[in-house]
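The values are calculated or read from the model by the stated rules, or taken from the named source; none is laboratory data. In this text the structure is predicted, and so the values were computed from the model without any measurement. No Cβ is skipped: glycine too gets one built from the backbone with ideal geometry, and neighbour counts run over all protein chains shown.
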Amino acid sequence: MIRSKRNLLQASDAPTTLSASNPAKLLREQIRAGRHITVTTGLAPGHLQANLVILPADWAEEFVSFCVANPKPCPLIGRSEPGDPTLPGLGRDIDVRSDLPRYRVFRDGAAVSEETDITSLWRDDLVAFALGCSYSFEAALLDAGVPIRHIEQGKKVCTYRTALETVPAGRFHGRMVVSMRNFTVPNAIRAIEITSRFPRVHGAPIHFGDPAAIGIADIDKPEFGGEPDIRPGEVPLFWALRGHTAGGDRSRQATVLHHPQGRAHAGHRPIERGIPRSLMQARDRLFGLRIRIRE
């Protein structure tokens, strides 16, 4: 398994300026060349962003079944052919082996190395999956005048483990992880309405209000991400983010979903597919890559 390393914003990092003609492609090129190592928030607006999962082919159909059974946390929007590191259905010139700035390699659930390119680890039996990501709808909220606190404060979105079980499929099972954004009541209603138009990037929230109702013991202590700033009169909304999954008998040999924000920033690459104007524009986000590597 491989996932992205913690993003390190160095003093020498300069803001990325993208070409208006094809900002997603240019950003991928800059990442591939090592010239962009930070998050992609606000870059290449209007392009859908995804989380990435890469698994051996003999796990692929079970993972598809898991996504079909759990469309809110795992909205599957694309997959590659075995051994093919590209996703031509989502964009030209996508290479999942080099389009993230840093990767973390796992074997049997344990981190063994960190890489900037995983071409040497690629195998003919690996399959890449793209899952829609909730950061894609944040630009739509901002365009509608709905402020987002973690963006205003330059923080990562708060993320929590819940007591909600995903629907098992083959070797995949686990509890759901959610992201939280808090709003005034009028803006919460607008946020629900707007995000419901984006079913391929998690859609509407699965819960609002009392966090204990979904098994979150302390909303002030997210497992991943930034620190919450919920003010009087505001309501927390929770979006399905992923299943905190494992494969097999608790072996965690097939952890399959994007890296929890907060332990390590996910690598990032926008997918080169525009969102219909009727659904507003989506903002790119960083996304994670995990690959299960077996001997």
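Tally time: how many residues in region 114-156 are of a type in the set (D, E, K, R) and over 19 Å from Pro101 (Cβ atoms)?
Of the residues in that region, 8 qualify.
Could you tell me how many of the residues in region 177-230 are of a type in the set (Ser, Thr, Tyr) and out of contact with any helix residue (DSSP H, G or I) (no Cβ under 8 Å at 6 or more places or on another chain)?
2
Would you point out the residue of region 43-87, among those that are assigned to a helix (DSSP H, G or I) and of a type in the set (Asp, Glu), that is modelled with the lowest pLDDT? So that I can check it myself, show each step before the final result.
Step one: filter region 43-87 for residues assigned to a helix (DSSP H, G or I), giving 57-69.
If we keep only those that are of a type in the set (Asp, Glu) as well, we get 58, 61-62.
On the way: Asp58: 92, Glu61: 96, Glu62: 95.
Ranking the candidates gives Asp58 first.
Between a residue in region 91-120 that is more than 25 Å from Leu48 (Cβ to Cβ) and aliphatic (A, V, I, L, M) and any residue that is at pLDDT below 75 and surrounded by 15 or more Cβ atoms within 10 Å (Cβ to Cβ), which pairs come within a Cβ distance under 8 Å, given they are 6 or more apart or on different chains?
Going by the 8 Å Cβ cut-off, the qualifying pairs are Val105/Met1; Val105/Ile2; Val105/Ile291; Val105/Ile293; Ala111/Arg104; Ala111/Val105; Val112/Val105; Val112/Phe106.
Given the criteria modelled with pLDDT of 85 or more, surrounded by fewer than 17 Cβ atoms within 10 Å (Cβ to Cβ), more than 27 Å from Gly89 (Cβ to Cβ) and not acidic (Asp, Glu), does Pro232 qualify?
yes
For region 181-199, what are the residues that are in contact (Cβ under 8 Å) with a residue 12 or more places away in the chain and either farther than 26 Å from Leu131 by Cα or surrounded by 21 or more Cβ atoms within 10 Å (Cβ to Cβ) (or both)?
Arg181, Asn182, Phe183, Thr184, Val185, Asn187, Ala191, Thr195, Phe198, listed by residue number.
Go through region 7-42 and count every residue that is outside any helix (DSSP H, G or I) and either out of contact with any strand residue (DSSP E or B) (no Cβ under 7 Å at 6 or more places or on another chain) or at pLDDT 70 or above (or both). First the steps, then the outcome.
Of the residues in region 7-42, the ones outside any helix (DSSP H, G or I) are 7-22, 33-42.
Remaining after also requiring either out of contact with any strand residue (DSSP E or B) (no Cβ under 7 Å at 6 or more places or on another chain) or at pLDDT 70 or above (or both): 7-22, 33-38, 41-42.
Count: 24.
Does region 75-82 contain any residue that is over 30 Å from Phe238 (Cβ atoms) and surrounded by fewer than 17 Cβ atoms within 10 Å (Cβ to Cβ)?
Taking every residue of region 75-82 in turn, at least one turns out to be over 30 Å from Phe238 (Cβ atoms) and surrounded by fewer than 17 Cβ atoms within 10 Å (Cβ to Cβ).
When you look at Ile148, is it more than 29 Å from Thr86 (Cα to Cα) and in contact (Cβ under 8 Å) with a residue 60 or more places away in the chain, yes or no?
Taking the combined requirement at face value, the residue does not satisfy it.
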